[in-house]
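All remarks here apply to the structure that follows.
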Amino acid sequence: MRTRQLVMAATVLSLLASTAHAQAAGDPRDAEIQALRAQVQALAAKLDQLQARIEAPAAPPVIQTPAPAAAAPAAVVTLAAGKPSIASADGQFTANLHGVVHLDAADYEQAGAGPITTDLRRGAAATDTSHARDLSSGTDFRRARIGIDGRVFGDWDYNIVYEFGGAGEEDAGHAYEMWIQYSGLKPFHARIGAFAPSYGLDDQDSTNGMMFLERAAVSDIARGLAGGDSREGAEIWANGDRWYFNTAVTGRAVGVVNSQATGISQPFDSQLSFIGRLGFLPVRTDNAVVWLGVHGSYIDRPADTGGPDTAANGVRYGITLQERPELRVDGTRLISTGAINSRHADTVGLEAAAQFGSLFLQSEYESIKIERMNAVAGVGDPDFHGYYIDAAYVLTGEKRRFNTATWAFDGPAVNRPFSARNGTWGAFEVAARYSDVDLNYHAGALGAAPTTDAVRGGEQKIWTGGLNWYPNSFVRFMLDYQDVTIDRLSPSAASFSTPAGAQIGQHYHVVDLRSQFAF
């Protein structure tokens, strides 16, 4: 500020002196004086600007802030139709929680037990020899499962399910399904882990949508040889609009030696088997579906349950065909071949199903053959067979759904869920089945001792009628009535404490109810 004042004072004095001199002397350089005056005014203006800039506060530095990165898409959490599901925004990653609870109750109607000398009803095990067989009425959590399934990186599917239910009694808990699947090469899918490989229609029917509490006995026997629940293996399957194909290589089931013995470790070689299935849809419209197919399995190496030091007369490679009478509240198997020392075994099955609106029909035929180990002259290789026929009609107009993932049929959709407020009742379905499985081979006549190659596994015939109520897509109640006939000759007087060839079968009825919650 002092600098500006001094400069201005000196300049003004100089100008005044020059002006006075010019006026006194009449100097003609008046124009030059006016020019100098203009320059001084301009210089003063510049000094004012400079002074203002010096005295003004310093402006903060300008910092270039990078634009914030786009936030990652949030996960999408849904309860579609009440089912918990989490998915990434692009659908490349998903996780779905699911659970299944089946509570069964049954009341067996049998003839009262008579004297042990005359009432010769028996089960399949030596523990049944002390009394006439009395099947136990009661309840059972047939299935109690919780699991998670989904997709990772778009092309990889997975499923992990833990099971707490059981047959006749609840289990402590075990792995039921654990598998991964690559689906990036459509229409092919490759799966490995523990699962139920695709064997047939009854095998692949959803347990939450089956017409009856259990599969037909012959289906359970055939599927359990090389496949069935919790089977370790690898499978490749593919499908189009009208066809399906799969092939699988399998080993043991999780926690079992073979399909008939549970809870036993496998100290020696596990079973090695192969499965295949092929089918097509000659008719597929909005209101009608017709399915025809064929399936089979081959046991190349039965499980080695004895090891190399087994005695010559022991059953080292045993295959046992046996089954419960299509209900698991009482876990007794009333038909059984016993362990057959085997080199190989194979099955062949035919399958057919048709849906016309609310009417549904399904049937399968199974043939099972076992090649004995160390066969001798006069001892043949046994073969067995069985079949079933199912029919169902949805009274409320819905129809059973065809599942393109399993190429089998699920329960009907529920168009009008139960609501007391709206006066809707859900879906009602009536169903009927006849099943027949024959595990006899050269069984012989009543009262006769068995021949060397005889297998007296017994024949089981069951008529079943059912009423199914679906209040909504999560809840179902099933009421079944069964008429069961077991025709079986005593295979051994020693094992069954009966005369060889005596009738140890029986005829009884059972009423059973299932309460189901599944999502």
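Per-residue packing, averaged as other Cβ atoms within 10 Å, sorts the ranges 93-99, 377-383, 269-275, 409-415 into the order 269-275, 409-415, 93-99, 377-383, beginning with the highest. Scalar couplings 3J(HN,Hα) for region 437-444, obtained by applying the Karplus form with A = 6.51, B = -1.76, C = 1.60 to θ = phi - 60°, are 10, 10, 9, 9, 9, 6, 5, x Hz; x denotes Gly and Pro. Take 75-82, 352-359, 199-206 and order them by the average number of nearby Cβ atoms within 10 Å per residue, most first; the result is 199-206, 352-359, 75-82. Given R0 = 60 Å, the distance between the Cβ atoms of ALA80 and ASP483 translates into a calculated FRET efficiency of 0.90. Taking all protein chains together and a 1.4 Å probe, the residues LEU467, LEU350, LEU321 rank LEU350, LEU467, LEU321 from largest to smallest accessible area. Mind listing the phi-derived Karplus ³J(HN,Hα) values for region 179-185, rounded to whole Hz, using 6.51, -1.76 and 1.60 with θ = phi - 60°, and x for any glycine or proline? Taking θ as phi minus 60°, the curve returns 8, 10, 9, 9, 10, x, 10 Hz for region 179-185. At an R0 of 22 angstrom, the distance between the Cβ atoms of ASP383 and ALA448 translates into a FRET efficiency of 0.55. Only Cα sites of region 277-384 enter the Debye sum here, all with the same form factor; the resulting log10 I(q)/I(0) across q = 0.15 1/Å is -0.83, listed in q order. Per-peptide packing, taken as the mean over residues of other Cβ atoms within 10 Å, places 146-155, 278-287, 297-306 in the sequence 297-306, 146-155, 278-287 from highest down. Accessible surface comparison of TYR365, TYR508, TYR158, probe 1.4 Å, protein chains only, largest first: the order is TYR365, TYR158, TYR508. For the pair ALA405 and MET373, label points projected 7 Å from Cα toward Cβ lie 4.0 nm apart.
Over region 152-234, the reciprocal of the mean inverse Cα-Cα separation, the Kirkwood hydrodynamic radius, stands at 14.3 Å.
The values are calculated or read from the model by the stated rules, or taken from the named source; none is laboratory data. Treat the numbers as computed from the prediction; the structure is a model and nothing was measured. Because the Cβ atoms are built from the backbone with ideal geometry, glycine has one as well, and the counts that use them run over all protein chains shown. Just so you know, the surface numbers come from the protein's heavy atoms only, side chains and all, with ligands and any DNA or RNA stripped out. Shrake-Rupley method; radii C 1.70, N 1.55, O 1.52, S 1.80 Å.
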